Amino acid sequence: MSNTPGHMSFFELLEALQQPGCALCRLVAGGTRRRLEALLYESVNDVGFRELWRKTRGYCHRHSWMLADTGHTLGLAILYEALIEHWGERLLEAAPALPCPVCSDEQRAGRDHLDTLIKGWDEPRLAEAWAASDGLCGPHVRLARQVARPAAVRDAIAAHSAKRLCEMTSDLRALIESFDYRHEPASDERVKLAWHRAMEKIIGHRDLPEPPHRRR
Ligand SMILES: [Zn+2]
Ligand SMILES: [Zn+2]
């Protein structure tokens, strides 16, 4: 995959950096949602897809519920009928032998988006968007610590992300004080959601798992 400016992934990242929260979480979660939607609309009867679906016995807990959130009743009914007809009661007795394919895709997507950030690091538009951004969440900072080269970029990613984390205490303090009867209730959305932004910054987006630790 090319990550030179001009490539789609570069502009996607640029756009995501201008939104609140961790840009990598935003891109990975958005990609998964689009993929699950498309799958239910286009691939339910695809022979190759159906074979993989049977082999993996569907998806993990998290991705099954994301699939349910698409609200595509017919596709969901077809997929679960196929699983029960193939595996029967074994579905309840043993865990699947294969990992959830959507989880594997998300790990790859996180790495790809991080690569785009690193390769575009010296590009002025990206540098400007990064400097104004909220930085990365805890899981993605740890991923960058493991894989980002050179060390100067790795350290810069971690330092900016940590700075943004520590800055959150002023909004958290303002939110806490807004509950005191002597203060005005919070009206600023950033303050009202300060607890949510802080939690997401530390643990990552709601729908994303911790990237796997590098095997040594
Ligand atoms: Zn993240
Ligand atoms: Zn999964």
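Rule-based calculations on the coordinates, nothing more; no lab input. Here the structure is a predicted model, which is why all the values come from computation and not from measurement. Please note: Cβ atoms are built from the backbone with ideal geometry, for glycine as well, and neighbour counts cover all protein chains shown.
Each 10 Å bin, from zero up to the one with the longest distance, holds this percent of the alpha carbon pairs of the chain: 7, 28, 27, 22, 13, 3, 0.
Please work out how many pairs of lysine residues in the stretch 8-203 are eight or more positions apart (or on different chains) and have Cα atoms closer than 30 angstrom. Before the final figure, lay out each step's value.
Working: 119/163; 119/201; 163/192; 163/201; 192/201.
Counting lysine pairs in the stretch 8-203 gives 5.
Using r as the Cβ-Cβ distance of residue 93 and residue 42, and R0 as 45 Å, what FRET efficiency do you calculate, to the nearest 0.05? The pair residue 93/residue 42 has a calculated efficiency of 0.90.
Dividing the summed -39500 (n - 2.57) terms of all DSSP H runs of n ≥ 4 by the residue count of the chain sets its mean residue ellipticity at 222 nm at -21000 deg cm²/dmol.
Compute the relative contact order of the stretch 1-131 as a whole-number percentage, counting only Cα pairs closer than 8 Å that sit 6 or more residues apart in sequence. Across the stretch 1-131, relative contact order equals 40 percent. Could you compute the longest span of the chain free of chymotrypsin sites (Phe, Trp or Tyr not before Pro) located in DSSP loops and having at most 11 other Cβ atoms within 10 Å, not counting the site residues? Value returned for the longest uninterrupted segment is 1-178. Against the main long axis of the alpha-carbon atoms of the chain, helix 151-178 sits at an angle near 80°.
Would you mind ranking 64, 104 so that the residue whose beta carbon has the fewest other beta carbons within 10 Å leads the list?
Numbers: 64 17, 104 13.
Final ranking by Cβ density, sparse to dense: 104, 64.
Expected output is a single nm value to one decimal: the length gained when fully extending between residue 183 and residue 83, i.e. 0.36 nm times separation in residues minus the C-alpha distance. What is it? Could you put the intermediate results ahead of the total?
Numbers: separation 100, 0.36 × 100 = 36.00 nm, distance 5.68 nm.
Once the chain is fully extended between residue 183 and residue 83, it gains 30.3 nm.
Order these by the 10 Å Cβ neighbour count, fewest first: 8, 66, 199. Can you show the working numbers first?
Numbers: 8 10, 66 19, 199 13.
Lowest to highest Cβ neighbour count: 8, 199, 66.
Can you tell me the 0 to 90 degree angle between the C-alpha axis of helix 8-17 and the longest principal axis of the chain, rounded to 10? On a 0 to 90 degree scale, this one is about 50.
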